[in-house]
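K.L.:
Before we start, here is the structure in question, set down as structure tokens.
The values are calculated or read from the model by the stated rules, or taken from the named source; none is laboratory data. Quantities reported herein were computed from a predicted structural model and do not represent experimental measurements. Heads up, the Cβs are rebuilt from the backbone with ideal geometry, glycines too, and the neighbour counts pull from every protein chain shown. All accessible areas refer to the heavy atoms of the entire protein, side chains included, with ligands and DNA or RNA removed. Shrake-Rupley method; radii C 1.70, N 1.55, O 1.52, S 1.80 Å.
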Amino acid sequence: MNGLPHLVVGVDCFTLADLLQRVASHCNLALHIGVSKAYSGPIKVYELDDKLLATLAGHKINRQPRPDCQDTVFTLIDENPHEQIPGWVPSNFWNFKPAEEGGSRFDLQITLSVDFHLDQSGRGIWLLSKAHGSFVSPAGALSHARMFRALVSGDENVPEIAKRLAASDGQSLVSWQEIGLEGLMETSALFSQFARGNGAIESLGHRGEIFNPRPYYSDPGFQQRIFISRHGQLKVIHDWTAQLEQYRASLMLW
């Protein structure tokens, strides 16, 4: 965020990566940012013994025999209802392989974590519960949420964020207000207010040559997307207004 006029980084303006770190710290989670995904470190790891398998069965997550490979794969199926989509089979199973090659004991391990997603309406960051097995896990979010809830519901020794997610439908919003940044806006949303529906000004904003901070990015990443605090928004509007007037003046010189 080098070169942003009159803005204090971490007070007036933040990258999406900054905000994800604030949310992760607020929830006592370790943050990992990949090329296109943000996710937490492990919240808790469960070894599925007979007692936990019985708990899962009470939540309709049961072992399903695999006649084709019963000695090499242990499968748990989420038998709860799933939306039926024509042509698609629900991704509702976990496969586990033997802990040792040729062994009879399976690596029945489930790791709880969360994925981070920006709320599309600009209210904060969503936490999505994940329950990954040691080999193959479901692709859909619903089975992850059910496994997460089943394991956490009878466990008092989990962090508060795990209890919060288990009590939800598998996702929980951490609002800007919750992390002390009420009124935060991304530059694109703030610029739309600034342009007030003027298509010419919107076009100038998309060019990326006149306004600083830039309102839009063609391929925004975690470090490129900029968010402005409520106090900083007045500074940005002032600077954009001055930059627009300077651009208009330059046209008049021709």
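K.L.:
Could you go through the range 215-237 and let me know if any residue there is surrounded by 14 or more Cβ atoms within 10 Å (Cβ to Cβ), of a type in the set (A, V, I, L, M, F, W, C), at pLDDT 95 or above and part of a helix (DSSP H, G or I).
P.N.:
yes
K.L.:
Additional query: Here is a list of conditions, (1) free of Cβ contacts under 8 Å to residues at least 40 places away in the same chain; (2) surrounded by 15 or more Cβ atoms within 10 Å (Cβ to Cβ); (3) outside any loop (DSSP other than H, G, I, E, B); (4) of a type outside the set (S, T, N, Q), and residue 200 meets all of them except one; can you say which number that is?
P.N.:
(2)
K.L.:
What tally of residues in the range 242-254 results from selecting those that are open to solvent by less than 60 Å² (accessible area, probe 1.4 Å) and either at positive phi or without any contact (Cβ under 8 Å) to a residue 12 or more places away in the chain (or both)?
P.N.:
3
K.L.:
Now, a different point. Just to be sure I understand, how many residues within the range 92-103 are at pLDDT 75 or above, in a loop (DSSP other than H, G, I, E, B) and more than 18 Å from residue 149 (Cβ to Cβ)?
P.N.:
4
K.L.:
Tell me whether the range 134-155 contains one or more residues that are among the charged types (D, E, K, R), more than 23 Å from residue 15 (Cα to Cα) and part of a strand (DSSP E or B). First the steps, then the outcome.
P.N.:
Applying the first criterion (among the charged types (D, E, K, R)) to the range 134-155 yields 146, 149, 155.
From what is left, the residues that are more than 23 Å from residue 15 (Cα to Cα) are 146, 149, 155.
Then drop every residue that is not part of a strand (DSSP E or B), which leaves none.
So far as the range 134-155 goes, no, none of its residues is among the charged types (D, E, K, R), more than 23 Å from residue 15 (Cα to Cα) and part of a strand (DSSP E or B).
K.L.:
Tell me, which residue of the range 107-120 that is over 14 Å from the mean Cα position of the chain (by Cα) and surrounded by fewer than 19 Cβ atoms within 10 Å (Cβ to Cβ) is farthest from residue 35 (Cα to Cα)?
P.N.:
107
K.L.:
Could you count how many residues in the range 19-74 are assigned to a helix (DSSP H, G or I) and open to solvent by 60 Å² or more (accessible area, probe 1.4 Å)?
P.N.:
As a first pass, look at the range 19-74 and keep what is assigned to a helix (DSSP H, G or I): 19-26, 50-58.
Next, from what is left, pick out any that are open to solvent by 60 Å² or more (accessible area, probe 1.4 Å): 21-22, 25-26, 50-51, 54, 58.
Qualifying residue count, the range 19-74: 8.
K.L.:
Could I ask something else about it? From the residues in the range 156-188 that are in a loop (DSSP other than H, G, I, E, B) and under 16 Å from the mean Cα position of the chain (by Cα), which one is surrounded by the most Cβ atoms within 10 Å (Cβ to Cβ)?
P.N.:
Restricting to residues being in a loop (DSSP other than H, G, I, E, B) and under 16 Å from the mean Cα position of the chain (by Cα), the top hit is 176.
K.L.:
Still on this model: Inspect all residues belonging to the range 201-213 and state whether any of them is touching a helix residue (DSSP H, G or I) at 6+ places or on another chain (Cβ under 9 Å), basic (Lys, Arg) and modelled with pLDDT under 95.
P.N.:
no
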